[in-house]
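Asker: What follows is a single structure, and I will ask about it in a moment.
Bear in mind that the values in this text are calculations on the coordinates, not laboratory data. Given the structure is predicted, the values throughout are model-derived calculations rather than measurements. For neighbour counting, all protein chains shown are included, and Cβ atoms are generated from backbone atoms with ideal geometry for every residue, glycine included.
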Amino acid sequence: MKAAVYYGPADIRVEDMPEPTRTDDNLLVEIQCCAICGTDLKLATIGNPRCHPPRIIGHELVGHITHVGSQVDGFTIGERVTLATTVACNNCSYCALGLGNMCPNAKPISYDFDGGFAEMLEIPPAAIAGGNVIKVPDSVPDEAAALSEPLSCAINAQKLAGVKAGDKVVVIGGGPLGALNAELAKTLGAAKVMVLQRSEPRLSLLRQLKEIVVINGAEEDVEAVVKAETGGLGADVVLMCAPTREAHESSIKLVRKGGAVSLFASLPSGASEIRLDSRVMHYGELRLVGASDSRPEHVSQAVQLMAQGKIDTSAIITHRISLENIHDGIALMKNKQSLKVLVYPRES
């Protein structure tokens, strides 16, 4: 089968690989499509020591089951599934707290287990036992289902930040996850959602989203616009989806007193320290919260939202490519020429 295989930093090769083996305790899935994530972009540029080569990568996926091991219950051939891709150990203190995404022994799909940029995928026993395999209802199109995993990360972040009905929300960074966060905030009942982006063509792509205020950070006075859109107060919640120090440090200037800032995007190792005015934090009673990854329950919630038609992915998916052309998709992401790029492993 054809697959995109990570061999090291900036070394991803599309090549023939053996199909995964059928066993009594695994599932095999034929991949319909798999989206390119920022973590895939990182592997294609600077690499990640957590990814053990050679490794088939890709984790934002959907496919249908072609094999159910004799020891596996609850699944049938032909069912469509997606994955919560952090496979926790379910045996540590964090797992006992229900925080499997914080598990120090976690083995992610695409890092420790082969991923979805391939014609076929093996779902290992640990993922089945951990509840990581999420069924996709017939009402959810393949392309929307492939975005369940990234949407689940937004769900986790917005729960931690406390986004609720009536809120005015600012999303800093209008990449694929910024766009998904904006869509989710609308779904949760936000009264106004603003997305801050500095460059084209993403500004134009974001303007295709419905009921979103797009702010051009390169040309507009961002603080003034946010104040004008929020009655002079500032946002109830700021969702930081831009991986730059400048953006992180500007976040508390856009939030109202008593509001929250979510550090959704991380900064590069070795360049992750930021400066924040503690007096603004103290006297404004601001909440600064992190958000990392998601858990199976978040992916289930994402699929449910898709099934209810509450998340519009039509404007977020901007490009579709074949597996053979995955490097073109990575280039689109690297050069900020796209939002979500979907990879189709099989010839249509």
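Asker: Summing +1 for each Lys or Arg and -1 for each Asp or Glu, what net charge is found among the other residues whose Cβ lies under 15 Å from the Cβ of Val72?
Answerer: That sum, taken over residues with Cβ under 15 Å, equals -3.
Asker: Specify the residue with the greatest mean-square fluctuation among Leu233, Leu205, Leu263, computed from a Gaussian network of the chain linking alpha-carbon atoms under 10 Å apart.
Answerer: Leu233
Asker: Continuing with this model, one more query. Could you sort the peptides 68-75, 296-303, 3-10 by per-residue average Cβ neighbour count (10 Å cutoff), highest mean leading?
Answerer: So the peptides 68-75, 296-303, 3-10, ranked by packing, come out 296-303, 3-10, 68-75.
Asker: Run lengths n ≥ 4 of DSSP H only: what is the helix-derived mean residue ellipticity at 222 nm for the chain, with -39500 (n - 2.57) per run over all residues, to the nearest 500?
Answerer: -7000 deg cm²/dmol
Asker: Also, quick follow-up: Based on the Kirkwood radius over alpha-carbon pairs, what value in µm²/s does the Stokes-Einstein equation return for the translational diffusion coefficient of the stretch 83-226 at 20 °C and 1.002 mPa s?
Answerer: 123
Asker: Per Stokes-Einstein, at 20 °C and 1.002 mPa s, what whole-number D in µm² s⁻¹ belongs to the chain, with the Kirkwood radius over Cα pairs as the hydrodynamic radius?
Answerer: For the chosen part, D equals 104 µm²/s.
Asker: Okay, next question. Remind me, relative contact order of the chain in percent, using alpha carbon pairs under 8 angstrom and six or more residues apart?
Answerer: 19
Asker: Under a Cβ-Cβ cut-off of 15 Å, what is the net charge of the residues other than Asp167 that fall near it, where Lys and Arg count +1 and Asp and Glu count -1?
Answerer: +4
Asker: Another question about this same structure. What is the magnitude of the charge dipole of the stretch 252-348 about its Cα centre, with +1 placed on the Cβ of each Lys and Arg, -1 on the Cβ of each Asp and Glu, and no other charges, expressed in debye to the nearest 20?
Answerer: 420
Asker: Once you have the Cα-Cα distance between Glu79 and Asn105, take 0.36 nm times their residue separation minus that, and quote the gain in nm to one decimal.
Answerer: 6.4 nm is the gain from fully extending Glu79 to Asn105.
Asker: Also, I was wondering about something else. How many nm is it between the label spots at Ser93 and Ser70, if each spot is 7 Å from the Cα in line with the beta carbon?
Answerer: It works out to 4.3 nm between the two label points.
Asker: Which whole-percent values make up P(r) of the stretch 245-348 when all C-alpha to C-alpha distances are grouped in 10 Å steps starting at zero?
Answerer: 12, 24, 33, 23, 7, 1
Asker: Amide H of Val14 versus every other amide H placed in the peptide plane: which residues, excluding those fewer than 5 positions away on the same chain, fall under 5 Å?
Answerer: Val5
Asker: Indicate, rounded to the nearest 5 percent, the antiparallel portion of the DSSP beta bridges found entirely in the chain.
Answerer: 50
Asker: State, as an integer percentage, the relative contact order of the stretch 39-111 based on alpha-carbon contacts under 8 Å between residues 6 or more apart.
Answerer: Reported as a whole number, the value is 30 percent.
Asker: Let me check I've understood the local charge: for Gly47, count other residues with C-beta under 12 angstrom from its C-beta, Lys and Arg +1, Asp and Glu -1. What total comes out?
Answerer: +1
Asker: Run the numbers on the stretch 196-322 and let me know its relative contact order in percent, using alpha-carbon pairs under 8 Å that are six or more apart.
Answerer: 19
Asker: Determine the gain in length on full extension of the stretch Asp11-Ser269; use 0.36 nm per residue of separation and subtract their C-alpha separation, reporting nm with one decimal.
Answerer: Gain in length upon complete extension: 90.8 nm.
Asker: Whole angstrom only: what separates the Cα centroid of the stretch 1-73 from the Cα centroid of the stretch 102-163?
Answerer: Distance between centres, Cα-based: 13 Å.
Asker: Report the normalised scattering of the stretch 1-64 as log10 I(q)/I(0) at q = 0.29 Å⁻¹, calculated by the Debye formula with identical scatterers on the alpha carbons.
Answerer: Once normalised to I(0) and log-transformed, intensities are -1.29.
Asker: Over the Cα atoms of the stretch 107-146, what is the Rg over Rh ratio if Rh follows Kirkwood?
Answerer: 0.99
Asker: Past the 23 Å Cα-Cα mark, which pairs from Lys42/Lys340; Lys164/Lys253; Lys310/Lys334; Lys107/Lys310; Lys168/Lys334?
Answerer: From the list (Lys42/Lys340; Lys164/Lys253; Lys310/Lys334; Lys107/Lys310; Lys168/Lys334), the Cα-Cα distance tops 23 Å for Lys310/Lys334; Lys107/Lys310; Lys168/Lys334.
Asker: Turning to a different aspect of this structure: Given R₀ = 41 Å, what would the calculated FRET efficiency be for Lys310 paired with Arg245, taking r from the Cβ atoms and rounding to 0.05?
Answerer: Computed FRET efficiency for Lys310 and Arg245: 0.75.
Asker: Size of the stretch 1-142 along its principal axes in angstrom, Cα-based, largest extent first?
Answerer: Sorted from largest, the Cα extents of the stretch 1-142 read 39, 38, 30 Å.
Asker: With label points built 7 Å along Cα→Cβ from the Cα atoms of Glu19 and Met281, find their separation and express it in nm.
Answerer: 5.4
Asker: Normalise the Cα radius of gyration of the stretch 224-292 by 2.2 N^0.38 Å (N = residues in it) and let me know the number.
Answerer: Dividing the Cα radius of gyration by 2.2 N^0.38 Å gives 1.09.
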